[in-house]
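Below is one structure, written out as structure tokens; the observations come after it.
The values are calculated or read from the model by the stated rules, or taken from the named source; none is laboratory data. As the structure is a computational prediction, the values presented were derived from the model and not from experiment. Virtual Cβ from ideal backbone geometry, glycine too; neighbours counted across all protein chains shown. When the accessible area is computed, the model is the full protein with side chains, heavy atoms only, and any ligands, DNA or RNA have been set aside. Shrake-Rupley method; radii C 1.70, N 1.55, O 1.52, S 1.80 Å.
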Amino acid sequence: QVQLAESGGGLVQAGGSLRLSCAASGRTFSSYAMGWFRQAPGKEREFVAAIAWSGGSTYYADSVKGRFTISRDNAKNTVYLQMDSLKPEDTGVYYCAASVRKGAVNAYMNYDYWGQGTQVTVSS
């Protein structure tokens, strides 16, 4: 079992920054990748970013490239999502997820464990 806990969400004005944290506990040694997804009201859950747990390779949705940075702290079993130059369209509930299988990191069905989410609201 892997438990995930997100934190760092909040309200920020357009152009501002937030850093989300995802603390993982449990059988993290079996995780292949950690990812961030988001969901806005009335919209489908969408991939934001992911990082391979062992190798550190990163992946980003086109919509956030150049603005968001995913990173990890292995000692703390924590993954971060630094969000800069935030836009109102970035608003949504951000979910941290862990995958135990090797596969496409941008597909939600490839993730096995999910956090409860943290709200990010960007005002215009």
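Structure summary
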{"read-out": "Residue that is modelled with the highest pLDDT, among those in region 101-124 that are open to solvent by 60 Å² or more (accessible area, probe 1.4 Å) and touching an Asp or Glu at 6+ places or on another chain (Cβ under 8 Å)", "value": "GLN116"}
{"read-out": "Residue in region 81-92 that is part of a loop (DSSP other than H, G, I, E, B), touching a residue at least 12 places away in the same chain (Cβ under 8 Å) and closer than 20 Å to LEU4 by Cα present", "value": "no"}
{"read-out": "For ALA49: the one exception among (1) more than 16 Å from THR118 (Cα to Cα); (2) among the hydrophobic types (A, V, I, L, M, F, W, C); (3) within 11 Å of the chain's Cα centre (by Cα)", "value": "(1)"}
{"read-out": "Which listed residue, of SER85, SER54, is over 10 Å from the mean Cα position of the chain (by Cα) and closer than 14 Å to ARG19 by Cβ", "value": "SER85"}
{"read-out": "Pair list, Cβ under 9 Å, 6 or more apart: region 19-47 residue more than 15 Å from GLU6 (Cβ to Cβ) and of a type in the set (A, V, I, L, M, F, W, C), other residue open to solvent by 50 Å² or more (accessible area, probe 1.4 Å) and at pLDDT 95 or above", "value": "ALA33/TYR59; ALA40/GLU46; ALA40/GLU89; PHE47/TYR59; PHE47/TYR60"}
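Quick grid of which residues meet (1) at negative phi; (2) of a type in the set (Lys, Arg); (3) modelled with pLDDT under 95; (4) more than 11 Å from the chain's Cα centre (by Cα):
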{"site": "SER7", "(1), (2), (3), (4)": "yes, no, no, no"}
{"site": "GLY16", "(1), (2), (3), (4)": "yes, no, no, yes"}
{"site": "SER21", "(1), (2), (3), (4)": "yes, no, no, no"}
{"site": "ALA24", "(1), (2), (3), (4)": "yes, no, yes, yes"}
{"site": "ARG27", "(1), (2), (3), (4)": "yes, yes, yes, yes"}
{"site": "GLN39", "(1), (2), (3), (4)": "yes, no, no, yes"}
{"site": "THR58", "(1), (2), (3), (4)": "yes, no, no, yes"}
